[in-house]
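**Q** Before I ask anything, here is the structure I am working with.
The values are calculated or read from the model by the stated rules, or taken from the named source; none is laboratory data. Model, not experiment: these values are computed from the prediction. As a convention, Cβ positions derive from the backbone with ideal geometry for all residues, glycine included, and neighbour counts pool all protein chains shown. What goes into the accessible areas is simple: the full protein's heavy atoms, side chains included, and nothing from ligands, DNA or RNA. Shrake-Rupley method; radii C 1.70, N 1.55, O 1.52, S 1.80 Å.
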Amino acid sequence: MAARSAGIIALALGLLAAGAAARTWGPTLTAQPTITGTAKAGSRLAAGSGTWTSTSTAAYAYQWYRCDAAGAHCSSIHGATAAGLTLGSKDVGKTMGLTVTATDTSGSTSAYASLVGPVATATPLLVSTAQPQITGLAVEGMPLQVTTGAWSPLPTSLTYSWRRCNANGRVCTEIAGAHASAYTVAGEDVGHALVALVEAGFGTTTQAALSTASPAVVGGDLAGPSHSAPPVVAGVAARGVQLTASTGLWAGVGSLSYAYQWYRCDGDGAHCSSIHGATKTTYRTVVADLDKTLGFTVRATDSTGTAAAYSSLLGPIARADAAVASAAVPPLTGSATPGSTLSVGSGLWRPHRIGKLSYMWRRCNPNGRICIPIAGATLALYAVTTADVGHVLVAVVSASAGAASQAAYSTASTLVR
């Protein structure tokens, strides 16, 4: 059961509501794109870009799709690349999809709005004027509820049919026996988005409307959110400097809240003690930090529980008047798998002109703490071995300026598997 939920979370990381496509670089989705407007021929639908976080100003591109009533067999609509779409006779009886691609200097990411439709005729006797909404948590064993939406005129009857879709809220199939306004999420739904088809009646006229899609369902054994990027600490590793940490990137069920704690560790990242009162994303280094490494932990809580993530170690912390100090953590690149090679960069140093660099690779526990030197690993490149499995790897880079020298921990690798 736990293995299944872990797999689903890995699939669903970064997905909000109907979800986002798999991502390596580019902006991160925090709220799904939307479609507003009346789903009838002659009306205009408006696209909402969604909410994103990005490393620089993001630009948005749009593509509208025409799908069948089940959200399958979708075809891009030629030329429909604006933030609005006027519906025509070809759209009647179809559902409409929207993909938004956000691009910043790091790359591009695509995300999907919930389907809208089926589209009514230009002069319908009954029409959906506001899309039904799904509320509740998309977790196995938990109840979901669909609202009626808004209709013109007010319908005299409403019926419901729940549907299981792919993770992007497309290609939906009816769930047998699910014909109430509420639905209890089942094990078969794990990894799928859920929608409800609300059918309204007025006299002898009927019209259906798809609800918004839920996020991809996660297993009921899930305990806490998961992260796709760890917290990162930035600042000069010297006494009297204010350091700033990020929360990392998290995905969870429902809203997320965060708690923070800074730790003071020895030069090997061991014997860590929490720093009293250091519970914000900023911390100003003090005398007690000299020659120590600092750690930062984020505890994220969602409706299913709490999970922790750990920054790479920062330090050792230099004196305020040190002749050389680390101004930016040396970055680690490469694949943390046996047979692959990791490489460490020089990082940034104060002053900018430094002398010789030397290296010492270390094998740490899965949280990047309690690090032990690896015999003979003294180059900027390191070939990962089977002895590293179950550990994370770091490189300690030492820089010299005249007779002075200072060491700095690199960012930590992912867990070697």
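**Q** From the residues in segment 157-182 that are without any contact (Cβ under 8 Å) to a residue 24 or more places away in the chain and of a type in the set (Gly, Ala, Ser), which one is least open to solvent (accessible area, probe 1.4 Å)?
**A** 178
**Q** Would you pick out the residues in segment 337-351 that are out of contact with any Pro (no Cβ under 6 Å at 6 or more places or on another chain) and either farther than 27 Å from residue 285 by Cα or assigned to a strand (DSSP E or B) (or both)?
**A** Of everything in segment 337-351, those that are out of contact with any Pro (no Cβ under 6 Å at 6 or more places or on another chain) and either farther than 27 Å from residue 285 by Cα or assigned to a strand (DSSP E or B) (or both) turn out to be 337, 338, 339, 340, 341, 342, 343, 348, 349, 350.
**Q** So if I check each of 270, 229, 237, which one is without any contact (Cβ under 8 Å) to a residue 24 or more places away in the chain and within 23 Å of residue 362 (Cβ to Cβ)?
**A** After ruling out the rest, the residue left standing is 229.
**Q** Answer yes or no: is there a residue in segment 375-391 that is closer than 26 Å to residue 239 by Cβ and in contact with a Phe, Trp or Tyr (Cβ under 9 Å, 6 or more places away or on another chain).
**A** No, segment 375-391 has no match at all.
**Q** Looking only at segment 135-179, filter to residues that are hydrophobic (A, V, I, L, M, F, W, C) and in a strand (DSSP E or B); which one of those is farthest from residue 34 (Cα to Cα)? Break it down stepwise before answering.
**A** Within segment 135-179, the first condition is being hydrophobic (A, V, I, L, M, F, W, C), and the residues that meet it are 137-139, 142, 144, 146, 150-151, 154, 158, 162, 165, 167, 171-172, 175-176, 178.
Next, only the ones that are in a strand (DSSP E or B) stay: 139, 144, 146, 150-151, 158, 162, 165.
Details: 139: 23, 144: 20, 146: 17, 150: 17, 151: 19, 158: 24, 162: 21, 165: 18 Å.
Among residues in segment 135-179 that are hydrophobic (A, V, I, L, M, F, W, C) and in a strand (DSSP E or B), the one farthest from residue 34 (Cα to Cα) is 158.
**Q** Ok, one more. Among the residues of segment 302-336, write down those that are open to solvent by 50 Å² or more (accessible area, probe 1.4 Å) and either part of a strand (DSSP E or B) or hydrophobic (A, V, I, L, M, F, W, C) (or both).
**A** The answer is 306, 310, 320, 323, 333, 334.
**Q** Does residue 139 satisfy the condition of being in contact (Cβ under 8 Å) with a residue 60 or more places away in the chain and not acidic (Asp, Glu)?
**A** Taking the combined requirement at face value, the residue satisfies it.
**Q** Which pairs turn up if I take residues in segment 345-366 that are at positive phi and open to solvent by less than 50 Å² (accessible area, probe 1.4 Å) and look for partners that are at pLDDT 90 or above and assigned to a strand (DSSP E or B) with beta carbon separation below 7 Å, at least 6 apart in sequence or on another chain?
**A** From segment 345-366, the pairs are 347/326; 347/328; 347/397; 347/408.
**Q** Test residue 287 against the criterion of being open to solvent by 40 Å² or more (accessible area, probe 1.4 Å) and out of contact with any Gly (no Cβ under 8 Å at 6 or more places or on another chain), and give yes or no.
**A** So residue 287 fits the description; yes.
**Q** Scan segment 329-344 for residues that are on the phi < 0 side of the Ramachandran plot and touching a residue at least 40 places away in the same chain (Cβ under 8 Å) and jot them down.
**A** Passing the criteria: 329, 330, 331, 332, 335, 336, 337, 338, 340, 341, 342, 344.
**Q** So in segment 250-265, with the set limited to residues that are closer than 30 Å to residue 316 by Cβ and surrounded by fewer than 18 Cβ atoms within 10 Å (Cβ to Cβ), which one is farthest from the chain's Cα centre (by Cα)?
**A** Taking segment 250-265 as the starting set, the residues that turn out to be closer than 30 Å to residue 316 by Cβ are 250, 258-265.
From the residues that got through so far, the ones that are surrounded by fewer than 18 Cβ atoms within 10 Å (Cβ to Cβ) too are 258-261.
Working: 258: 15, 259: 18, 260: 19, 261: 22 Å.
Checking each candidate, the answer is 261.
**Q** Filter segment 375-401 for residues that are within 18 Å of residue 417 (Cβ to Cβ) and either in contact (Cβ under 8 Å) with a residue 60 or more places away in the chain or part of a loop (DSSP other than H, G, I, E, B) (or both) and give the result.
**A** 384, 385, 389, 390, 391, 393, 394 - these are the residues of segment 375-401 that are within 18 Å of residue 417 (Cβ to Cβ) and either in contact (Cβ under 8 Å) with a residue 60 or more places away in the chain or part of a loop (DSSP other than H, G, I, E, B) (or both).
**Q** Enumerate the pairs (first residue in segment 402-417 and under 14 Å from residue 313 (Cα atoms); second residue anywhere and open to solvent by 50 Å² or more (accessible area, probe 1.4 Å) and not β-branched (Val, Ile, Thr)) with beta-carbon separation below 7 Å, excluding pairs fewer than 6 apart on the same chain, so at least 6 apart or on different chains.
**A** Short answer, once both residue conditions are applied: 410/331; 411/331.
**Q** List pairs: first in segment 37-63 and without any contact (Cβ under 8 Å) to a residue 24 or more places away in the chain, second of a type in the set (Val, Ile, Thr), Cβ under 6 Å, 6+ apart or cross-chain?
**A** 51/30
**Q** Are any of the residues in segment 195-206 out of contact with any strand residue (DSSP E or B) (no Cβ under 8 Å at 6 or more places or on another chain), part of a loop (DSSP other than H, G, I, E, B), open to solvent by 10 Å² or more (accessible area, probe 1.4 Å) and at pLDDT below 95?
**A** Checking segment 195-206: at least one residue is out of contact with any strand residue (DSSP E or B) (no Cβ under 8 Å at 6 or more places or on another chain), part of a loop (DSSP other than H, G, I, E, B), open to solvent by 10 Å² or more (accessible area, probe 1.4 Å) and at pLDDT below 95.
**Q** For segment 402-413, what are the residues that are open to solvent by 30 Å² or more (accessible area, probe 1.4 Å) and not in a strand (DSSP E or B)?
**A** Correct list: 402, 403, 411, 412.
**Q** Now a separate question. Considering only segment 28-134, give the strands (runs of 3 or more DSSP E) lying wholly within it that have at least 3 residues that are closer than 25 Å to residue 161 by Cα and open to solvent by less than 50 Å² (accessible area, probe 1.4 Å).
**A** Ranges flagged: 95-104, 127-130.
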